[in-house]
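Here is the structure we will look at, set down as structure tokens.
The values are calculated or read from the model by the stated rules, or taken from the named source; none is laboratory data. Bear in mind the structure is a predicted one, so any value in this text is a computation, not a measurement. Glycine also receives a Cβ, built like all others from the backbone with ideal geometry; neighbour counts cover every protein chain displayed.
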Amino acid sequence: MPRTERAHTIDLLKLNVTLDEDEVDVTWHGSGDLVAPTQDLRPWLDALVAEVGGRTLMFDFSALAYMNSRTIAPLLQVLKSADEAGVFTTLLFDTAQPWQRLVYHNLQGLSAVLTRLDVLSRAELEAESSFDEVKARIENELDALEGPKGDGAMAFVLNDDEGWFEVDGVRTDIKRRRTLRRVLVALARATEGGRSIDVEDLLVAGWPEITKPNVSMYPRVYVAICTLRRLGLDGLVVKGRDGYRFAPHVEVRRSP
């Protein structure tokens, strides 16, 4: 389906929705100081979850000025319904804002119960990126000193047609997660070519409908990388000065 955008307003709350064949992204703006969120917000969220289908869902709260406690309850109910419906959902917060930091830390516990829910912060993504750069630089320089490795290689196999990957024989199904599959293919191709792939090129690879990529869209890539790591690629996908790639100790293969 073509990429579409629409907006929904409730009092001072504005919800910008972007839909494509893989994802439904909702950016929250204004203030969520709703008087009757169960009546005003919950039906809209329920209809949105029903519309998601096999796509992933992201709620980006980082631009939201405030959300009151009355609005949290229907949101939690919708997150539970989405998880039960098999919808993979990501929540993104700006923990520099006190109220968002409070909600973020409390929802961390919920992500342990709802297995398809990820709760992330922009600071976490940025810190992880900076940590990766230092870690990759040290590892690359040590690798150059030590020379090629033989016995310590870890096997990564990607089958894009059937929608799965394996790490040392352990298979993970990503058939319904087309964006992640495209990101993985781009990472595999870059690594096979002996190079890294930068954030903008990963953005274009993962979201081909985007014709004019810009910095404001980069969190999509960071969320995708973080999700892949949580699916079993932690320590396998690394970031260096030139972008992302598989780590030197990973043997990358693509299955026919």
Here are some conditions: (1) among the β-branched types (V, I, T); (2) loosely packed, with under 15 Cβ neighbours inside 10 Å; (3) closer than 16 Å to L158 by Cα. T211 meets all but one. Which one does it not meet? (3)
Sole residue being exposed (fewer than 14 other Cβ atoms within 10 Å of the Cβ), at pLDDT 65 or above and farther than 30 Å from F61 by Cβ, chosen from A155, A188: A155
Cβ-Cβ below 9 Å, separation at least six or inter-chain, first residue in the stretch 23-41 and at pLDDT below 95 and hydroxyl-bearing (S, T, Y), second buried (at least 17 other Cβ atoms within 10 Å of the Cβ) and part of a helix (DSSP H, G or I): which pairs? T38/P74
For the stretch 32-53, does any single residue satisfy the condition of being surrounded by 15 or more Cβ atoms within 10 Å (Cβ to Cβ), touching a helix residue (DSSP H, G or I) at 6+ places or on another chain (Cβ under 7 Å) and among the hydroxyl-bearing types (S, T, Y)? no
Any chance the stretch 19-27 includes a residue that's of a type in the set (A, V, I, L, M, F, W, C), over 21 Å from I174 (Cα atoms) and out of contact with any Phe, Trp or Tyr (no Cβ under 6 Å at 6 or more places or on another chain)? no
All but one of (1) surrounded by 15 or more Cβ atoms within 10 Å (Cβ to Cβ); (2) within 19 Å of the chain's Cα centre (by Cα); (3) aliphatic (A, V, I, L, M) hold for L13; state the number of the condition that does not hold. (2)
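Give the residues of the stretch 50-73 that are farther than 25 Å from L12 by Cβ and either of a type in the set (K, R) or not in a loop (DSSP other than H, G, I, E, B) (or both), sorted by residue number.
A50, V52, R55, T56
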Need the failing condition index for K14 against (1) out of contact with any Leu (no Cβ under 7 Å at 6 or more places or on another chain); (2) not in a strand (DSSP E or B), just the number. (2)
By residue number, the members of the stretch 158-189 that are in a loop (DSSP other than H, G, I, E, B), under 13 Å from G54 (Cβ atoms) and among the charged types (D, E, K, R) are K175, R176, R177
Yes or no: the stretch 231-242 includes at least one residue that is of a type in the set (K, R), assigned to a helix (DSSP H, G or I) and surrounded by fewer than 16 Cβ atoms within 10 Å (Cβ to Cβ). no
Do we find a residue being among the aliphatic types (A, V, I, L, M) and either assigned to a strand (DSSP E or B) or under 20 Å from the mean Cα position of the chain (by Cα) (or both) anywhere in the stretch 31-43? no
Pick from L76, L91, L102: which is outside any loop (DSSP other than H, G, I, E, B) and surrounded by 15 or more Cβ atoms within 10 Å (Cβ to Cβ)? L91
Criterion first (β-branched (V, I, T), surrounded by 17 or more Cβ atoms within 10 Å (Cβ to Cβ) and touching a Phe, Trp or Tyr at 6+ places or on another chain (Cβ under 6 Å)) does T71 satisfy it? no
Output for the stretch 105-114, where each listed residue is within 12 Å of L79 (Cβ to Cβ) and either loosely packed, with under 12 Cβ neighbours inside 10 Å or not hydrophobic (A, V, I, L, M, F, W, C) (or both): S111, V113
Filter result (β-branched (V, I, T) and either more than 17 Å from the chain's Cα centre (by Cα) or closer than 19 Å to R245 by Cα (or both)) within the stretch 183-216: V183, V185, T191, I197, V199, V204, T211
Subset tally (residues that are more than 20 Å from R42 (Cβ to Cβ) and either among the aliphatic types (A, V, I, L, M) or free of Cβ contacts under 8 Å to residues at least 12 places away in the same chain (or both)) for the stretch 64-96: 3
